[in-house]
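Encoded as structure tokens, the structure appears first; notes follow it.
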Amino acid sequence: MNLSPLQKARYEYAPKLPGMLRNGIAEICVKEGEDTQSVADQDKIKALFPNTYGKKEITFQKGQNTSAAKKQVVGVILSGGQAPGGHNVVCGLYDALKATNKDNVLFGFKGGPSGLLENDYVIFDDEYIDQYRNTGGFDIIGSGRTKLETEQQFEIVADVAKKHGLTAIVIIGGDDSNTNAAVLAEYMAAHGTGVQVIGCPKTIDGDLKNEDIEASFGFDTATKTYAEVIGNIERDCNSAKKYWHFIKVMGRSASHVALECALKTQPNICLISEEVAAKKMSLSQIADQIADAVAKRAARGMNFGVAIIPEGVVEFVPEFSVLISEINELLAGSKADEFNALPTWADKYAFIEKGLTKASMDVFAILPQTIQQQLFLERDPHGNVQVSLIESEKLFSALVADKLKAMAAEGKYDGKFSPLHHFFGYEGRCAFPSNFDADYCYSLGYNAFMLIQYGYTGYLSKVSNLSKPAEEWVAGGMPITKMMNIERRHGEDKPVIRKALVELDGAPFKYFEAHRAEWAVETAFTYPGAVQYYGPAEVCDITTITLALEQA
């Protein structure tokens, strides 16, 4: 394999562990906390998880290891979208497993949950693992989005586990994947298989967090990667002084990525989906807000700027959500075939006009034709609009252009508006992990094995106090059921981990809110530069601004 100098250097990086985990396996003991309950719907969640509900939170401390000595054969999967640091979770798990007993075995099941179902695996050894230390991506074993949720699937997993003598399975994933981990843990416990299930919190979107899980892994690296490129664009923008850049970033269900990137780079505009929903803002109101900033800057001779748009913002606009619902209903069943058979867009437009309410048609009519057509692209497996395909950055720049044209006609705007568009998504999912994510992920994996060694199941690997140096981090575990509530999914009540949205009364948003009026008109850009690996700790080991403000 041809390696770049950076690859070679990153392979040799030694991740920092919480001080307690550095003591050595023999000197790690458990402190149990209070019994837990789910974040909501306690009776329903308890009924669904009778064997794993209400367990105690635990913290690892320095002391005599009292776990039972036994050979551990562990399986691990990577589930869902890639996030920087996933490889280090596997490496930390492997190192702790081998440090406890060199005869312990780690199976890596390939392609996510389907690897468990298809019994497709690799057995890790030092040579294999060493190729992936501190690297980005999930290519060590691949990932997948298969859900583990049916009785038949659980039976297959139990059979595969029995065949290999697995004592535990570690699922590295986001909220849906760790919901699957909780359900699988309950099945294994209810059927007396003896197989433990542990989860690890992953998602670059940052929406798998709560009072216990301070950050999901990958968020730090992804936001630093996006912020570097946004900073580069800001500098180009401030050099050329002739373009407005509309930048869409990841985050369909929450705006954590957009907010963190805004805190890092201080753009002129950043939309926060949760605020849009709370204020019941219309598309027109959002466009007015952006157009106002464009006009004020133009009045100062600055016909340039940067706007950050969260990927899922349109779903938070009440009138747009109603429109989406009506379109889903309009194309239900055989009506989709009837629509698709129409020969021209004019024919399709007439079909749409006949099927929507006047209020939704009014919203539809103001959309640029390209966005209108995107709403009728290929449906998702449930027959719904794929909102992620909507180019919201182009939608808002087009709406702003219309607003500015009207303002110019009234003598309220005299400037030049030249928009450019970007979407930063895949660029951040497989970057070399930052020092923070390299350390955090290695700790999560190491910690996951300690949970296994002490016999816990249905727990999420938990490392907290993350705004402090790694030496002061606290390792432990929490029952996954503590994070769960009941939500309506595809017409059925389902237990799921509650997504964490941006808190509008939280310190990160309040800081942004206090400064955005100034950023909107002034050129206050900041340029965070590349992710730093080597150099002063105050540069290389800092965490996100979001976490620093939350734990001020």
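Among the residues of segment 47-61, the one identified as part of a helix (DSSP H, G or I) and farther than 12 Å from ASN485 by Cβ is ALA47.
LYS416: assigned to a loop (DSSP other than H, G, I, E, B) and of a type outside the set (A, V, I, L, M, F, W, C), yes or no? Against the criterion (assigned to a loop (DSSP other than H, G, I, E, B) and of a type outside the set (A, V, I, L, M, F, W, C)), LYS416 qualifies. Within segment 124-141, how many residues are out of contact with any helix residue (DSSP H, G or I) (no Cβ under 8 Å at 6 or more places or on another chain) and within 15 Å of LYS110 (Cβ to Cβ)? Total meeting the criteria: 2. Within segment 177-212, can you find the residues that are within 25 Å of PRO310 (Cα to Cα), of a type outside the set (S, T, N, Q) and out of contact with any Ser or Thr (no Cβ under 8 Å at 6 or more places or on another chain)? Within segment 177-212, GLU211 is the sole residue that qualifies.
Pairs linking a residue in segment 116-138 that is surrounded by 15 or more Cβ atoms within 10 Å (Cβ to Cβ) to a residue that is in a helix (DSSP H, G or I) and among the aromatic types (Phe, Trp, Tyr), with Cβ atoms under 7 Å and 6 or more positions apart or on different chains, are PHE124/TYR94; ILE129/TYR94; ARG133/TYR11; ASN134/TYR11.
Within the group THR36, THR100, which residue is in contact (Cβ under 8 Å) with a residue 40 or more places away in the chain, in the same structural domain as THR146 (by TED's automatic domain parsing) and surrounded by 20 or more Cβ atoms within 10 Å (Cβ to Cβ)? Spell out the reasoning first.
Working: THR36 fails: surrounded by 20 or more Cβ atoms within 10 Å (Cβ to Cβ).
When all the criteria are applied, what remains is THR100.
Going through segment 349-378 one residue at a time, which ones are hydrophobic (A, V, I, L, M, F, W, C), touching a residue at least 12 places away in the same chain (Cβ under 8 Å) and surrounded by 12 or more Cβ atoms within 10 Å (Cβ to Cβ)?
PHE351, ILE352, LEU356, ALA359, VAL363, PHE364, ILE366, LEU367, ILE371, LEU375, PHE376
When ASP175, ASP139, ASP130 are checked against the criterion of being within 30 Å of ASN485 (Cα to Cα) and among the acidic types (Asp, Glu), a single residue qualifies: ASP175.
Results for (1) surrounded by 24 or more Cβ atoms within 10 Å (Cβ to Cβ); (2) in contact with a strand residue (DSSP E or B) (Cβ under 9 Å, 6 or more places away or on another chain); (3) at pLDDT 95 or above, shown as yes or no for each residue.
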residue: GLU391; (1), (2), (3): no, yes, no
residue: ALA401; (1), (2), (3): no, yes, yes
residue: ALA408; (1), (2), (3): no, no, yes
residue: GLY425; (1), (2), (3): no, yes, no
residue: SER434; (1), (2), (3): yes, no, yes
residue: TYR440; (1), (2), (3): yes, yes, yes
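Yes or no: segment 424-435 includes at least one residue that is in contact with an Asp or Glu (Cβ under 8 Å, 6 or more places away or on another chain), farther than 22 Å from ALA190 by Cβ and without any contact (Cβ under 8 Å) to a residue 60 or more places away in the chain. No, segment 424-435 has no match at all.
Filter segment 103-115 for residues that are closer than 22 Å to TYR446 by Cβ and surrounded by 21 or more Cβ atoms within 10 Å (Cβ to Cβ) and give the result. Even if it seems obvious, please write down each step before you answer.
Looking only at segment 103-115, we keep the residues that are closer than 22 Å to TYR446 by Cβ, and these are 103-109.
Those that are closer than 22 Å to TYR446 by Cβ and surrounded by 21 or more Cβ atoms within 10 Å (Cβ to Cβ): LEU106, PHE107, GLY108, PHE109.
The residues of segment 156-174 that are in a helix (DSSP H, G or I), touching a residue at least 24 places away in the same chain (Cβ under 8 Å) and surrounded by fewer than 24 Cβ atoms within 10 Å (Cβ to Cβ), listed by number, are ILE156, ALA158, VAL160, ALA161, LYS162, LYS163, HIS164.
Inspect all residues belonging to segment 84-104 and state whether any of them is at pLDDT below 95 and in contact with an Asp or Glu (Cβ under 7 Å, 6 or more places away or on another chain). Checking segment 84-104: not a single residue is at pLDDT below 95 and in contact with an Asp or Glu (Cβ under 7 Å, 6 or more places away or on another chain). Note on segment 14-40: residues that are among the small types (Gly, Ala, Ser) and in a helix (DSSP H, G or I) total 2. When ALA298 is tested against (1) modelled with pLDDT of 95 or more; (2) closer than 30 Å to GLY355 by Cβ; (3) of a type in the set (Gly, Ala, Ser), just one condition goes unmet, and that condition is (2). The number of residues in segment 348-389 being more than 21 Å from PHE424 (Cβ to Cβ), among the polar types (S, T, N, Q) and at pLDDT below 95 comes to 4. Taken over segment 53-73, the criterion of being surrounded by 21 or more Cβ atoms within 10 Å (Cβ to Cβ) and under 26 Å from the mean Cα position of the chain (by Cα) is satisfied by TYR53, ILE58. Comparison of LYS248, LYS209, LYS202 shows that the only residue that is basic (Lys, Arg), in contact with a strand residue (DSSP E or B) (Cβ under 6 Å, 6 or more places away or on another chain) and not assigned by TED's automatic domain parsing to the domain that holds PHE424 is LYS202.
Within the option set PHE509, PHE449, being more than 30 Å from ASP95 (Cα to Cα), in contact with a Leu (Cβ under 8 Å, 6 or more places away or on another chain) and in contact (Cβ under 8 Å) with a residue 24 or more places away in the chain holds for one residue only, PHE509. Among the residues of segment 62-86, those that are without any contact (Cβ under 8 Å) to a residue 60 or more places away in the chain and either outside any loop (DSSP other than H, G, I, E, B) or of a type in the set (A, V, I, L, M, F, W, C) (or both) comprise LYS62, ALA69.
Could you please let me know if LEU148 is surrounded by 19 or more Cβ atoms within 10 Å (Cβ to Cβ), modelled with pLDDT under 95 and either assigned by TED's automatic domain parsing to the domain that holds TYR442 or not small (Gly, Ala, Ser) (or both)? Show your work before the answer.
Details: surrounded by 19 or more Cβ atoms within 10 Å (Cβ to Cβ): yes; modelled with pLDDT under 95: yes; either assigned by TED's automatic domain parsing to the domain that holds TYR442 or not small (Gly, Ala, Ser) (or both): yes.
So LEU148 fits the description; yes.
The values are calculated or read from the model by the stated rules, or taken from the named source; none is laboratory data. Since we're looking at a predicted model, the values are computed, not measured. Methodologically, a virtual Cβ is constructed for each residue, glycine included, from the backbone with ideal geometry; neighbour enumeration extends over all protein chains shown.
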